[in-house]
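One structure is given below, encoded as C-alpha cells.
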Amino acid sequence: MAGFREEKFGEIDGHPLLAYTKQAAAGQRRVYLSSGIHGDEPAPPWTLLRLVQEGCLDDRASWFLCPLLNPTGFVRQVRENYAGLDLNRDYKSPRSPEVQAHTGWLQRQSDFDLVICVHEDWEAQGFYLYELNPEKRPSLAPAMLEAARAHCPIEPAATIDGRAVDEPGIIRPVSDPLLRETWPESIYLREHHGTLHYTIESPSGRPLEQRIATLTAAITAALQAFLA
Ligand SMILES: [Zn+2]
C-alpha cells in the first residue's frame, strides 16, 4: 500500500497478521483503524483498502491500520477464527494467538487520538455505531450518520444487540468495562490506547458495494470532522 510500512506482527495457520503504518510529521494526530476481526464481515477490510486507494489517509494524520485481524475466519467466511473462537471477545486476558499478537503490537504503539473499529451486523437493517467518549470530546457521530445516510438507511431499532440506543443509530455504552467478563477490541483500546473510540456497523443484508460505500463515507466524514 502506497506510503505505508507493512509490519508482520504474527502468523496464524500460515496467514500473516499485518499492520500498516504511516507516520506524519511530529505532532500530527494518530488514527487507528481496524477491521476483519469477524471473518463473515467482508465490507470492512475492503473499506480500509478503498480509503487507502482513494488517498483519504493522507498527511493530515499518522495512520495505524490492522485490516485483517482474523484471516482464518475471513478465508472460511465465518465470524470466529479457525479454532471457533470469537476474537472480539478475547481482549481481557487474550488466549488466542491472534489477539495475543495484536495486543503485543498495540503495546508497542503510543496512544491513539481516534480509534475506529469497522464491523458489520447480520441483524441490522441500517448503519449504526457505538461511541466511547469518556472525556467528552466533540462527537463525530452526527457527521458519520449524516454521511452514511446518503448511502444506506440508519438502523431504526430502539434496542441494538441488547443495548438501548442513545439517539437513532447511536449507542453509548455506559457500563464499567472493568465489570465486563469479556472484552471486545474496542474496550481494550479504550482502557489502554486513547480517548475517542467508535465501532461502526453496516447491515450485512445490503449489497457488498453499498456497504463499502456506506462505511467509506462514514469514516471519511469522521476524519474530515476530526482533522479539520
Ligand atoms: Zn463484527
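The values are calculated or read from the model by the stated rules, or taken from the named source; none is laboratory data. Since the model is a prediction, treat every value here as computed from it, not as a measurement. Cβ placement follows ideal geometry from the backbone for every residue including glycine, while neighbour counts extend to all protein chains displayed. Surface areas here come from the heavy atoms of the whole protein model, side chains and all, with no ligands, DNA or RNA. Shrake-Rupley method; radii C 1.70, N 1.55, O 1.52, S 1.80 Å.
Values as computed for the structure displayed
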read-out: Condition broken by residue 182, with the remaining ones in (1) surrounded by fewer than 16 Cβ atoms within 10 Å (Cβ to Cβ); (2) out of contact with any Asp or Glu (no Cβ under 9 Å at 6 or more places or on another chain); (3) of a type in the set (Val, Ile, Thr) satisfied; value: (2)
read-out: Residue count, region 78-91 (criterion: in a loop (DSSP other than H, G, I, E, B), surrounded by 19 or more Cβ atoms within 10 Å (Cβ to Cβ) and touching a strand residue (DSSP E or B) at 6+ places or on another chain (Cβ under 9 Å)); value: 1
read-out: Residues satisfying the stated conditions in region 41-76, i.e. under 15 Å from residue 15 (Cα atoms), among the polar types (S, T, N, Q) and within 14 Å of the ligand (Cβ to nearest atom); value: 70
read-out: Search result, residues across region 39-56 that are open to solvent by less than 40 Å² (accessible area, probe 1.4 Å) and among the charged types (D, E, K, R); value: 40, 41
read-out: Single condition residue 105 does not satisfy, out of (1) under 21 Å from residue 220 (Cα atoms); (2) open to solvent by less than 20 Å² (accessible area, probe 1.4 Å); (3) of a type outside the set (Ser, Thr, Tyr); (4) away from the ligand (no atom under 16 Å from the Cβ); value: (1)
read-out: Of all residues in region 116-139 being over 18 Å from residue 214 (Cα atoms) and not hydroxyl-bearing (Ser, Thr, Tyr), the one that is most open to solvent (accessible area, probe 1.4 Å); value: 136
read-out: Qualifying residue in region 149-156 (condition: within 23 Å of residue 37 (Cβ to Cβ) and touching an Asp or Glu at 6+ places or on another chain (Cβ under 9 Å)); value: yes
read-out: Some residue of region 21-38 being within 16 Å of the ligand (Cβ to nearest atom), among the polar types (S, T, N, Q) and either under 19 Å from residue 185 (Cα atoms) or crowded, with 23+ Cβ neighbours inside 10 Å (or both); value: yes
read-out: Region 4-60: number of residues that are in a helix (DSSP H, G or I) and either farther than 20 Å from residue 197 by Cα or of a type in the set (A, V, I, L, M) (or both); value: 8
read-out: Flag if residue 135 is within 26 Å of residue 57 (Cβ to Cβ), within 14 Å of the ligand (Cβ to nearest atom) and among the acidic types (Asp, Glu); value: no
read-out: Residue in region 209-221 that is free of Cβ contacts under 8 Å to residues at least 12 places away in the same chain, farther than 28 Å from residue 61 by Cα and surrounded by fewer than 16 Cβ atoms within 10 Å (Cβ to Cβ) present; value: no
read-out: Qualifying residue in region 183-195 (condition: away from the ligand (no atom under 16 Å from the Cβ) and more than 24 Å from residue 86 (Cβ to Cβ)); value: yes
